[in-house]
1. Would you confirm, using the coordinates I've provided, whether Val422 is over 18 Å from Ser542 (Cβ atoms), in a loop (DSSP other than H, G, I, E, B) and assigned by TED's automatic domain parsing to the domain that holds Gln482?
2. Of a type in the set (A, V, I, L, M, F, W, C), at pLDDT 80 or above and surrounded by fewer than 19 Cβ atoms within 10 Å (Cβ to Cβ) - does that describe any residue in the stretch 260-276?
3. Of the numbered conditions (1) closer than 25 Å to Asp413 by Cβ; (2) part of a loop (DSSP other than H, G, I, E, B), Arg469 satisfies every one except a single condition; which is it?
4. Which residues, taken from the stretch 233-259, are surrounded by 16 or more Cβ atoms within 10 Å (Cβ to Cβ), in contact with a helix residue (DSSP H, G or I) (Cβ under 9 Å, 6 or more places away or on another chain) and either hydroxyl-bearing (Ser, Thr, Tyr) or free of Cβ contacts under 8 Å to residues at least 40 places away in the same chain (or both)?
5. Of all residues being touching a residue at least 40 places away in the same chain (Cβ under 8 Å) and small (Gly, Ala, Ser) in the stretch 647-672, which is surrounded by the most Cβ atoms within 10 Å (Cβ to Cβ)? Just the residue, please.
6. Across the stretch 344-363, what is the total count of residues that are of a type in the set (D, E, K, R), in contact (Cβ under 8 Å) with a residue 24 or more places away in the chain and assigned to a loop (DSSP other than H, G, I, E, B)?
7. Mind checking which residues of the stretch 741-759 are buried (at least 17 other Cβ atoms within 10 Å of the Cβ) and either at pLDDT 85 or above or among the β-branched types (Val, Ile, Thr) (or both)?
8. Going through Leu504, Leu472, Leu440, Leu467 one at a time, which residue ends up being modelled with pLDDT under 90, surrounded by 23 or more Cβ atoms within 10 Å (Cβ to Cβ) and in contact with a helix residue (DSSP H, G or I) (Cβ under 9 Å, 6 or more places away or on another chain)?
Amino acid sequence: MSQAEIRNYATSSDDTGFKESTTKSVSLTTLWRRKHGMPTIQQNAEKQRYLTAEEEQILSVYAARLLDAGSTSISNYVRNQAFEIKCRRSRAPGLHRIAQQIRPPGKGWANTFLERHKEELRIEKPERCTWQRKSLLLGDKVADFVASLSDVKQLCLECAKIKVKLKSLMTRIRYNKSRRLHTFEGSLRAADVSSCKLCCFVLTCSRNWNWPTATKYSLNVHHMENVLGPTLAESKILLSLAIEDEHSKGEYRGWIVPTLLDNAGDVSDPSWSSLTNTVNFAMVRDWLKFCDCNHSNGCRMTSRDNIPFFRLINCTSRLIVDAPPESEFAALSYCWEPGEQQPQRKLNKLPKVVPLAIEDALDAARKLAIPYLWVDRYCIDQDKDSPIKPIQLQNMHKVYRSAYVTIVAGYGDRPGFGLPGVSTRARKPQSSVDTHGHRLICIPDAVREVQDCPWSTRGWTLQENLLSRRRLVFTETQTYFQCWHMHCCEAIPTNLTRAHTKDLTRFKEFNQTFRVFPQKGIGKTGAEIEMRIQEYLSRHLSRESDALNAFLGIFQAFQEIEHPVNNFWGLPMSRFGWTKNVVQQPNRFTEVDQLYSTFLSSLAWSNDLYDHTNAHVLERRHAFPSWTWAAWTSLRKFSRKSITRDSVSPSVKFPLRQGQCVQLENYEQMLGSRNSLSLFQPCILLSGWVTTLWFSEDCSDGDAIPKFKVQSPIPTHKVSILADLQTLEQFRRNSVSEPSPVLLLGGGSSEHNAAVTSYCWKDVQAIILQSLPDGTYMRLGVVTWSCLGRPSIDESQGVMRVKELFEARRVVPCCQCGCQMSTEASFDRYLEDDSNLMEFKNATIRLV
C-alpha cells in the first residue's frame, strides 16, 4: 500500500477519530495497522505491561511489604498477585467471560516489573541470588556495630584499630558473604585483659567453650540466617570467634550475637536476652507440640510396642506400676556412678530419697504434662539371677523407641548432679558484655557441650541416644532438643515455621549448624552396623560384664530393619549381604551364601582400618570368647575384612548350652526372639582347611610393640595380631621354634573366587590360631595374601595345595617402522612359583 493510497483512505473515511489522528502526523505504520484492524505499537506495549500504571503502583507497595518480611520467592509472589489484580478488575458487570479468559503473566514478567521499579523499591538482584533490599545489606548493619566501638578509652590499642580497619572494608557486604573483622594478636595478655572490655570478653568466651589456650583469634562477621537458619531475632548479623593458631586453625569456632541496647540499657530485641537460671519449659513445650502437629515419620508412633514386663513410675504418686496401655511416658538417660549400689529387690514405690537426676526428671515430666517416667534402676529387675532381666534388657530398644521423649542428664558423671536449671542445680551463666550501645552475647556451643559431657562417653547411653525418637538434653548452660526432623536449643530463638520445608515435615537442609545427634538413629541398612560398633568401642563401661548387654538394644533394632541383621555373641551377619560386590550382583549369591559371607567377614575383623602389619596389646575380658570384639578393651577400630563364600570356605556350627550343635543357616530359626548369650555356648565349630605358617618378627621400624610377618611357605606382610601382653609374648617365643596354625576363610573378591575358572585368587583371608591345653583354639589375628594361585584339591589324600603367584612384566620391543610409542607398551602376567607351596588339610576347630 503506497503512501498516496493511505492518504486517500484517510480523507474518504467517515471515522472522525481517524481523521483527527491523520492531522496529528500519525506514522504510516500506525495508519496501516489501523486499516487492517491490528493494534498499534503503543497498544501492544500497553498490553505487555499487563497492569495499568495505577495497578503497578499498588503492586509495588505489596512487593515492598514482602521484601521487609524477608520473603525468598518475591518473583513468584509478585506474578501471582498481578494475576489476582487483573482478574479482580475484569470481574466488572458484564465482563465475566473476559475474566475467565485471562491468563497469568509470563514467567519473566515479574523480573521485568521488579527491574522497572527497583529504584522505587530500593532493591537489586545480585548474581545468582534473589531480589534483595539495598537497605538490608550486611555492611550497613556492621557499620552500626563498628561505630559503637568508637570510644577507645575502654579498649586496648589493638581493639582501638578496628574502626580504622573497617572504614573502607565493611561497606557493601552482602548476605551470602562472610568477612574477617579483626585479628587479636597478643591482646589477651593479663595487662590488656584487665583494661579492655572486648579482650576480656573474647578470653571469657574461649574459656566457656573449653578451648585450649591460644595466642591468635579472629573475629568474623556472617549473615545470621546463613549460619543459624531463620530465627525470631531482628538482628541480621552474627559474629564468630575462631582460633587462628597453626595447630588449632579450623578446629575451634564459636558464635556471638550483637544486639542493640535501648536508652534504658536493656536489649531492644528480647529474643536474644540472656539465658535465665531456670529452664524455659514453655519453649520446650512449643518444640514438642510443633513436632506432634507436623512430624510423622520417625517422630510419632501409631501405637506403643508390646514390651514384656514393662513397668513405669507415676510422676505424681511415685508408685511403680505395670505400664497402662497406650500411656505416654518419658525415659531417663543418665550416668550411673561407678561402683554404685543398685536395688536388689523389686520395688512398688520410689524411696523417699532418690538421686537428684531422677527427682529432677520427675519434676520435668510433670511440667511437660507427661504422666509417667521410666528409669532403668527402678523399672528393670536388678537381681542378677532374675529370669526376666535378660528379657527386659533385650527389649530396651522398644522402651526408648516408644517413649514420648527421652530426658538426658547431659551434665555430671553421676546421678547426684541432677538436671541443671530444674531445681537446685544451677546453670553456668551465659557470658555477655555491654560495650558502647551494644550487648555481645556468647552462644553456648551445644554440640561441644553434649559431645564432651560424661554421658556421651558411657557405653549404655549409646543405645539410649540412637534409639530415642526425641531427646531433651539438659546441659550445663541450656536445654537442647532433637527429634528425627528438627533440632533446637534455648540459646537460639528459632522460627520453626520458616526453618522447615513448605510442608513442615522437616528442617531445611542448610539448618544443620547445631545438630548434635545422627539424623536417622541407628541407620537403615546392615552396612551401618559397623559404624555403630565403632562408636560403641570408644565408650566406657562401669561393669566389664555389660560389654554386650549395653549393645543388645541396637542389635535388636537392626533385626527389625528391612533387611534384618542378626549377631552371634556380637559378630553381625545377614542373609542380605552388605558388601559392595554382593549388592551389585545379588543374583550370583543365595541367601545362605550371603549369610556365610557376612559372618566370615565379621569373624575376620581386625583393629586396623587397612591391612597393616601390626600387633595390638590390649586387655582381655575373659567372660567373652577371643573371636568377638566384646572380649577386648580399648579397641581403636572395628574393621571387617571382605570375604565371599567359596568352595574352600569352612562350615560353621554353633553349640547350644545343652550340647547340640546348630548349623549357621539354621541359627536364626533356632534363635527366634531369644538372646544368643543365654542360649548358645561362647564358641564356634569351624570345619575347613588348616595349615601351619612360620612367622618372624619385623624389627625394621624399631617400635616397642613387636610386628610380625609370614616368612614361609608363602611370605606376606599383611598380618594383624590382637592379644594381651602375656599371649603376645608367648606367640613371640613360639614363632621362633615352631609354626602356628591358621584356618582358611576365603577370598575377598567375588570376581576371582571361583577356583576352577579364575587364574588367581585375590585377598585371601585366614585367621591365626593358638592352641590351648584343653584342645581348643583361640583366635589370635588375621593374615591376608593379596594374590595366590588357584587351589588344587587332592581328594585321595585329603590335601589342598596353593602356590604362590607373582607378577611378571614384559616390555614390547620397537616396531620396524621405528615408532617409539610401542616401547612404552607393556602387559602384566601372573606366574606360579612351584618352590613356594602351602598344603592345607581338613580339620575341625573349636574356637573359644
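The values are calculated or read from the model by the stated rules, or taken from the named source; none is laboratory data. Model, not experiment: these values are computed from the prediction. Cβ coordinates were reconstructed from backbone atoms using ideal geometry, including for glycine residues, and neighbour counts include every protein chain displayed.
1. It is true that Val422 is over 18 Å from Ser542 (Cβ atoms), in a loop (DSSP other than H, G, I, E, B) and assigned by TED's automatic domain parsing to the domain that holds Gln482.
2. no
3. Evaluating Arg469 over (1) closer than 25 Å to Asp413 by Cβ; (2) part of a loop (DSSP other than H, G, I, E, B) leaves (1) as the failure.
4. Hits for the stretch 233-259 are Ser235, Leu238, Ser240, Leu241, Ile243, Tyr252, Thr259.
5. Only one residue fits best here, namely Ser649.
6. 2
7. Once the filter is applied, which keeps residues that are buried (at least 17 other Cβ atoms within 10 Å of the Cβ) and either at pLDDT 85 or above or among the β-branched types (Val, Ile, Thr) (or both), the stretch 741-759 yields Pro741, Val742, Leu743, Leu744, Leu745, Gly746, Gly747.
8. Being modelled with pLDDT under 90, surrounded by 23 or more Cβ atoms within 10 Å (Cβ to Cβ) and in contact with a helix residue (DSSP H, G or I) (Cβ under 9 Å, 6 or more places away or on another chain) holds for just one of Leu504, Leu472, Leu440, Leu467, which is Leu467.
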